[in-house]
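Input: a single structure, listed below in C-alpha cells.
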Amino acid sequence: MMRFNDIKREAGFVFAHRQFKLTLLVVFLLSTVALWSGHAEMQAQQATIERLLEKDTVEREAVLSHQNSYGMVAYYAFHLTYAPPSPLAFAVVGERDVFPWKHRIRMLALEGQIYESDTDNPELAFLGRFDFAFVVSVLLPLFIILLLYDLKAKEREARRFDLLNVTARNSHAVWTSRTLVTLVPLALVTLIPFIAFAIVNDASLRSILLACVIVLGTISVWSAIVLAIGAAQRFAKYSATHLASLMLGVCLITTVIVPVTGHTVINAIVDTPEGGDIVLTQREAVNGAWDKPIEATWEKFIETHPQWADYTAYDPKRDGSFNWKWYFAFQQVGDESASELSNAYQQATIQKNQLAGYVSLLSPSLLTQRLLSNTASTNVQSMINYENKVRAFHASLREFYYQQLFAAPEFSESSLKQLPQFTPTSQFTRKTMNTQENTNEK
Amino acid sequence: MAGIISNTIKTICAEQWRYWLRTKVATTVLILGSVLTLAALVVNAFHIEEAAHAREHLQHEAEERFLSQPDKHPHRMVHYGHYVFRTPTPLSVIEPGVDTYTGNAIFLEGHRQNSAMFAEQRQSAGLTRFSSLTPSFLALVLAPLFIILIGYGSVSREREAGTLTLLLTQGASRWQLVLGKLVALMLASSIFLLPLLLACLYVAFSNESALVVTLFCLGYALYFLLWAVVVTACSTLFEKSSASFTVLIVIWMSACILLPRMGSSVATSVEPSIGKLEADFKVEEKLRSLGDGHDVNDPAFVKLKQDLLDKYNVDSVDDLPVNFRGIVAQYSEQRQAVVINEFAESRMQEELAQARIARQFGWLSPTVALRSFSTLLAGTSIETHHRFLREAEILRMQFVQGLNKVHVEKLDYKLDMNRNSSEEAADKAVVEASNWAVLSEFSFQPEAPMARLSSAAMYCLQLLLWVGVAALLLKLAVRRFNP
Amino acid sequence: MTSKSVISASELSVRIDQRTILDNLNFEVGKGEVFALLGGNGAGKSTTLKTFLGLMKPSTGTASVMGMSVADNTNEVQKSVAYLPESVTLYGHLSGYENIRYFLSVAGVEKTDDAIHEALNKVALQENAWHNTLSNYSKGMRQKTAIALAILRNAPVLFLDEPTSGLDPAAIDEFNSLVSELANNGATIFMVTHDVYGACQVAHRIVLLSNGKLTGSFERVGDTPIDTEAVHAAFAGRK
C-alpha cells in the first residue's frame, strides 16, 4: 500500500529533475497551441457559415425576383447546405478536413453536385493537422516513453536498484508512486487546457468527460506497454536506451505499419466503385435523355413517381416555352441510373470504416484518434450523415418543385415562401443561427 | 601522411560497424529499415502505376464518348461537358505529395468552373491519417529515427566504456575519431538511401528529366548526411549515451513531426483563404450583372445585337449570316470566363501563399525543407495541381468556344429559335457529329524541369543551410571534446 | 563468541542453469560480531550477499537473518537489515543530506534533522559538504554518506559489499573504527570483501570462500587482529 508519505517523497524526487519540469512545460505548450489553433479554425468555420448563409439568402432572393417560372427558379436557385462544427471539433478535426462539410445544391441531378469538394488547401492537408487529437494519439505516447523508459533501468545502471529494493519498506510502493507522480502531472497539463477550451466552446459535460476518459485511457495503455517492457525479465539485462528502442519500435509498428497495412488489406477486400464511373454514368443518362423520345423518360420516371403519372402532358401555353417538367424528370432518371453505383460507393465507405475500426484494435494511437473523432462527431459516419442530410434535402426540394411543376404551374412568388430550407443537426447550432433558422422555416 | 590519417578513420569506421553488427538494436534497425523502405517503394510504385493506368483509361474513355456523340444541338454538347483526369508524375513513385488530397478528376462544362472531385483520402477511413508510408515519408521521418537509434551512442559509448582515453593515446586525433564514427554512420544511412536511389534510376528511364531526378536524389542524400552529422555531433557533445539519446529523440520529434504540422496550422491562421464555395457567391454576384447567356433577349446583349446588325448591314437578327444565339453564347461565355478566372486565380494565389508560409518552416526544420524541395521537383506540389486546373480551364474554353463557333456558323438561327416547338423541330436544330472534333486531347505534364528547379531552389538553400548548421555543430562538439 | 546467532547459513546452496554457485555453506554469526567473507573474483561473494538480502532464492538449504528464513520472510528481513552496496552511487543530483532524507523515507523511517546531523558527524563527513550535490563528493565521502544512512536505520544487521575498495588508507582506518564502534554497540556486521588487510584489522571472524565452498576460517583471539600473513597465505594458496 502506498502511503501519502511515499507520494510526497516521490513527487519531490521527480520534480527535482529539471528535464521533468521541462517536459511538462513542453507538453502543456503543445496541448495549448494545438487547442488554440483548432479553436481558431472552428471559429473561422462558424463565421464562414454565417457569412455564407447571409449571401445564400441574398443570392436566392435575387434569383427569385428575376425569374417568372418554376423551371427557371429550380434551375438557377442554389441552396446552402452545411454541417456546422460540433462543440468538440476544435480538439479533433477528424474527417472534417477530408470530407466536404458544405455544398451549394440546386434541383439538378444530385449525383453531379454532391461529389464536389470545397476542401482546404491540399498542401496543408498533406502536411497534416496539428490538433489536440494528434498531440494525444501520437505525441503523448512518445513523451510517455521518454519519461518512463528508464524508470527501473536507470537505477539498475547506476547500481541503486538493489539498494532501493532492499531499503524500501515496500518496494512496490516506491515504483508505483514514482510512476503515478510522473503520469498524473502529465495528464493534468494535457487535459487542463482541453477542459478550458471545451468550456469556452459550450461542450456538454458528458462529451468532455468522455474525452478525458479517452485521454486517460491512452495514457494508461501506453504506460502499461512501457512499464511492461521495462519490467520484463527477458529484458532485464538491456540498457535503458535499448529498452527505449523497443518501445519506440512498438510505437512505430502500431502507429504507422498497422494502419497502413490495414489500409492496403481493406482496399483489397472491399470493392469500391470508381468515383469517376458514377459521374460518367449519370452524365450519360442525363444527356442521353435529350435524344430519346420524351415518352421513354416519362416511363422511367413514372416507375418511381407513380403519383405524377397523369401530369406528364406538355402544354407550351401553360408550362412555358420549355418543357421543364420533362427536363427535371430526366435529371432525376439520370440520378436513379447511377444510384446503384452511388449507394455502393457510400456503402463501401461505411464498410471500410467499420473494418478500420477492427484494425484500430491493434493500434492504440489509431484507436484513440477514432474514439476522439467519435466523441467529437467528426468521424466518417458523421460526415456520411451530413451527406445523407443533403440527399434528404434535395429530395424535399424535388417534392416541392414537382408539386409546383406538375400540379400548379401558375407561377406565384408567394408559393416560393414554402421553399424548403436546409436545417443542420439542431444540437450544434448556436444561438444566433437558431434565430436565423426560425425566421426561415415555413 | 594522408594515407595514415585515412587509415585511422577507416579503422575506427570498421570497428564501429563491427560493434553494430554485434548489437541487436543496430542490426534490427538496419534490417527493419531497409525492408520497410523497399516494401514502401514497391507498394507505392504499384499504387501509382495503377492510378496512372486507371486515369489514363478514364481520360481516353471520356474523350471517346465525347467524340462519339451523335448529331445534336451544339449547346447541348457544351453542357454534356468533358472530364479530365490528372495522371501522376513519374517521381510520384517516391514522393506522391498532394496527389491523394486533391481530387484527380474535373468536370468541364460551359458557364461554370468546377472543383476537383474524388480525393482518395476520403476512401481511406482515416487509416492513413498519420502517414501513408510512402518512400518519402520513410525517408523524411523514419530514416532519421533509425539513424538516431543506430548512432546515438557511437562516440559516447567509448567514453562510458573508458576506451576513449585509450584510443586517443594510441595516436588517433579527436577529429579522426569523430570522422571515423561519422563515416560509419553515413554508410549505415546510405543503406536506407539505396532503395530510393534504385527507384530514381527506374524513374530516370521514364520521361522525367535526368537533371531533376539527379537533384532529387541529391536532396535526399544531403538530408541523410545532415542527420548523420547531427547524430554524431550529439554523441560527441554529451558524456552519457542516455543524454545524447534523449536530446536526439527530442530533436527528431520537433523537426520531423511537430514543425511540419505547426507550419500548416500557422499558414491557415496567417493567410486564411475563403474557399471555393464562398468565392462562388462572389462570382455569381458578378455574373448576374453580365446577363443570362441562354436568353437572347436579355438587355445585356442589346449593344451586341446592334453592333452585329450594323456590321452585316441588316435590320433583323433573322437576316444575319450567323446564328445570333451562338454569338450571344460565345460572347457571354467569354465574359463569364474572365470573371471566373479572376476569382480562380486569386484563390490559387491564396493557396500558394499559404503553402509558401508553411514552407518557411523549412528554416526551422530540415524535414520541411526537404519536403518542399522534393514535392516541387517531383511535380506533386500544389503548384502542379494549380497547373492542372489552369490547363483544364484552357481545354474547357477551347472546346466550349469551339462548340460555340460551330453554333454560330453551322446552325441556322431560325431553326435554332424554333427548336422547342415540337420534337421534329428539335431534331432539325442539330449539327453534325464530326464537329465534336474541336475537343483536343488532354495529356497532363508537370511544369518544365527548369521551372521546377528554379522554384525548388530556395528550399535547396534551406537544406544547404542546415547542412552548414550541422557541420558547425560537429565542429563545436569536437572542439569541446574532452575524454 | 556470542550465544544467539543473528545470521546463519544452513546447508545453503545456490544453483543457476546447472552451475553451482554456492555449495553447501554453513556458518553462523552472532550478535555484535564483525564477520568477513573473503574470496576472489567469481568465488560467489555477491551471490551469498544477494541471497541474504532476499534478492535471490536458495536452491537448497536456508539463509536466515534474526531467526527468520530470508526466502520466506523477505519483507520482514529487509526491514531489519541495512545494505551498503559496492561502489555506491546515490542520487547525483541530490545532496548528501537530501539523499539520506530520501532513503530514510523510502525505508519508512522518520528521523529528525538533529539525528541526521549527528550521524553525519559520526561518520566524519565535513559539514560544508552536507548540502553539496553528490556528484561533487569523493568516493570516500559517498561511502560515509551511505554509512550514515545505515546508522540512521538503526538496523541490527548490516551487510557491506566491498566497503573498502577504492578508499585511501586514511579512509580505510576511519571506516574500520566506525565498524568496530557499531559492533560494540550491538550491531552485527556481515562484510564481503577481497581486502585481506582491511578484513584482518576489523573482523572478529574471517571465512574464506572459493568456488562456492568454504575453505578456511580464522578467528580473532582477544583484542589482537587476525594474522594477516596467515590469511593471505591461505587466500592466495587456494587459487
TODO: Indicate the gyration tensor shape class of chain A (rounded, prolate or oblate), computed on the Cα atoms with a ≥ b ≥ c the square roots of the eigenvalues: a/c under 1.5 is rounded; otherwise a/b larger than b/c is prolate and the rest oblate.
DONE: prolate
Task: Label zone at B:LEU461, where the point sits 7 Å out along the Cα-to-Cβ direction: the stretch B:320-361 residues whose backbone N lies under 18 Å - done: B:353, B:355-361
Task: Mean projected area in nm² (Cα convex hull; one quarter of hull surface) for the protein assembly as shown - done: 55.8 nm²
Task: Added length on full extension, which subtracts the Cα-Cα distance from 0.36 nm per residue, C:SER80 to C:ASP227 - done: 49.7 nm
- [ ] Could you work out how far apart the two model spin labels at A:LEU362 and A:ALA62 are, taking each label as a point 7 Å from the Cα in the direction of the beta carbon, and quote it in nm?
- [x] 5.5 nm
- [ ] Could you give the C-alpha radius of gyration of chain C expressed as a fraction of 2.2 N^0.38 Å, taking N as the number of residues it contains?
- [x] 1.00
TODO: Could you tell me how many degrees, from 0 to 90 and to the nearest 10, lie between the Cα long axis of helix A:18-66 and the main elongation axis, the longest principal axis, of the Cα atoms of chain A?
DONE: 10 degrees
Task: chain C - mean residue ellipticity at 222 nm from DSSP helices (-39,500 (n - 2.57) per run, n ≥ 4, rounded to 500) - done: -10500 deg cm²/dmol
Open item on the list: How long are the semi-axes of the equivalent ellipsoid of the stretch B:364-483, defined as square roots of 5 times the Cα gyration tensor eigenvalues? Whole Å, largest first.
Closed with: 63, 11, 9
TODO: Could you state the angle between the C-alpha long axis of helix C:96-107 and the longest principal axis of the C-alpha atoms of chain C, as a value from 0 to 90 degrees rounded to the nearest 10?
DONE: 60 degrees
Task: log10 of Debye I(q)/I(0), alpha-carbon scatterers only, for the stretch B:313-365 at 0.22 Å⁻¹ - done: -0.83
Task: Set of lysines near B:LYS475 by C-alpha distance (under 29 Å), chain-local residues within fewer than 8 positions excluded - done: B:LYS10, B:LYS181, B:LYS240
TODO: Rounded to the nearest Å, what's the spacing between the alpha carbon centres of the stretch A:377-407 and the stretch C:125-140? Just the number, please.
DONE: 79 Å
Task: Estimated Rh, the stretch C:89-154: Kirkwood, alpha-carbon pairs, angstrom - done: 11.4 Å
TODO: Taking only the C-alpha atoms, wrap a convex hull around the stretch B:280-348 and report its volume per residue in Å³ as a whole number.
DONE: 83 Å³
TODO: Rank the residues B:THR27, C:THR164, B:THR236 as a footprinting-exposure proxy: fewest other Cβ atoms within 10 Å of their Cβ go first.
DONE: B:THR27, C:THR164, B:THR236
Task: Of C:LYS111/C:LYS144; C:LYS31/C:LYS139; B:LYS305/B:LYS410; A:LYS389/A:LYS417; A:LYS154/A:LYS237; B:LYS286/B:LYS405, those spanning more than 23 Å from alpha-carbon to alpha-carbon - done: C:LYS31/C:LYS139; B:LYS286/B:LYS405
Task: Two-site label geometry, B:ARG390 and C:ALA71: point separation in nm, points 7 Å out along Cα→Cβ - done: 8.4 nm
- [ ] Describe numerically, in nm with one decimal, the distance between label points set 7 Å from Cα along Cα→Cβ at B:THR214 and at B:VAL338.
- [x] 4.7 nm
- [ ] Hand me the chymotrypsin sites (Phe, Trp or Tyr not before Pro) from the stretch B:184-225 located in a DSSP loop with no more than 13 other Cβ atoms within 10 Å, in residue order please.
- [x] B:PHE205
TODO: Rank these for me by crowding, C:PHE27, C:PHE218, going from fewest to most other beta carbons within 10 Å.
DONE: C:PHE27, C:PHE218
Task: C:ASP17, A:ASP162, B:ASP295, B:ASP318 arranged by Cβ crowding within 10 Å, fewest neighbours leading - done: C:ASP17, B:ASP318, B:ASP295, A:ASP162
- [ ] Between the alpha-carbon centers of the stretch A:186-251 and the stretch B:209-279, tell me the distance in whole angstrom.
- [x] 25 Å
- [ ] Report the paramagnetic label zone for B:VAL270: residues of the stretch B:440-460 whose backbone N is under 17 Å from a point 7 Å from Cα along the Cα-to-Cβ axis.
- [x] B:458-459
Open item on the list: Which log10 I(q)/I(0) values does the stretch A:280-429 give at q = 0.15, 0.16 Å⁻¹ under the Debye formula, counting every alpha carbon as one identical point scatterer?
Closed with: -0.91, -0.98
Open item on the list: How are the alpha carbon pair distances in chain B distributed across 20 Å bins from zero to the largest one, expressed in percent?
Closed with: 20, 40, 23, 12, 4, 0
- [ ] Give the residue from A:MET42, C:ALA148, C:GLY216 lying farthest towards the positive end of the charge dipole for the protein assembly as shown; charges sit on Cβ (+1 for Lys and Arg, -1 for Asp and Glu) and the dipole is referred to the Cα centre.
- [x] C:GLY216
- [ ] Note the angle between two axes, namely the Cα long axis of helix B:275-288 and the longest principal axis of the Cα atoms of chain B, as a number of degrees from 0 to 90, rounded to the nearest 10.
- [x] 20 degrees
Task: Cα gyration tensor, the stretch C:162-222 - rounded (a/c under 1.5), prolate or oblate - done: oblate
Open item on the list: At 222 nm, what value in deg cm²/dmol follows for chain B if DSSP H runs of at least 4 each add -39500 (n - 2.57) and the sum is divided by all its residues, to the nearest 500?
Closed with: -22500 deg cm²/dmol
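FYI, it's all coordinate maths here, none of it is from the lab. This one's a predicted model, so the numbers in the text were calculated from it and none came from an experiment. Every residue, glycine as well, gets a Cβ built from its backbone with ideal geometry; the counts of neighbours run over all protein chains shown.
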